[in-house]
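A quick write-up on the structure given underneath.
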Amino acid sequence: MKNVVKDKSLVAFCGLYCGACKKYLTDKCPGCIENDKAGWCSVRSCCMNNGYNSCADCREYTNAMDCKKFNNFISKIFGFLFNSDRNACIETIKKVGYDSFVTLMVENEWQTIKKK
C-alpha cells in the first residue's frame, strides 16, 4: 500500500484528494486526472475542457453549488453516504490555494473535508 503523499496533481477536479483515497493507495485507481475510465464524470469533463485544475478555478460560477454539473443527484448521494463536503474542499482551495489544501489533506490523511 502507498503512503499518503503531498502531490498537487492528486487533487480531483471536484475537490477531493485522491492521494488519501483507499483505491488510489492500493493501486486500484490512478486518481481522477489519470483515470481515463471516468469519462462519465461531467465535472471532470468540464474542468478538462476549460483547462481548470478543479472547480475552484471556474470563472462561470463563484459558488460551485450553483453549478448543475457539480451539484447533481449523484454528488448528493455520494456526499450523504460518505459524509463528504466537496464544496468545502473547493472553498478551501479558493481560500488557501492548492499547496496549503494538499498539506491539510495529507496531514490529516483526508480524502475529503467532512460535512459538519
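Below, the figures for the structure above:
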{"read-out": "FRET E, pair SER100, PHE80, Förster distance 41 Å, beta-carbon r, rounded to 0.05", "value": "0.90"}
{"read-out": "Value at 222 nm in deg cm²/dmol, rounded to 500, when DSSP H runs of n ≥ 4 in the chain each add -39,500 (n - 2.57)", "value": "-12000 deg cm²/dmol"}
{"read-out": "Normalised contact order of the chain, rounded percent, pairs of Cα under 8 Å and 6 or more residues apart", "value": "33 percent"}
{"read-out": "The chain: most fluctuating residue of VAL96, VAL43, VAL106 per GNM, C-alpha cutoff 10 Å", "value": "VAL96"}
{"read-out": "For TYR17, residues with placed amide H under 5 Å, excluding near neighbours", "value": "ALA12, THR112"}
{"read-out": "Kirkwood Rh (inverse of mean 1/r, distinct Cα pairs), the chain, angstrom", "value": "14.1 Å"}
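Read the figures in this text as sums done on the coordinates, not as results from a lab. Keep in mind that what you see is a predicted model, and the values were worked out from it rather than measured. Positions of Cβ are generated from backbone atoms using ideal geometry, with glycine treated the same way; all protein chains shown enter the neighbour counts.
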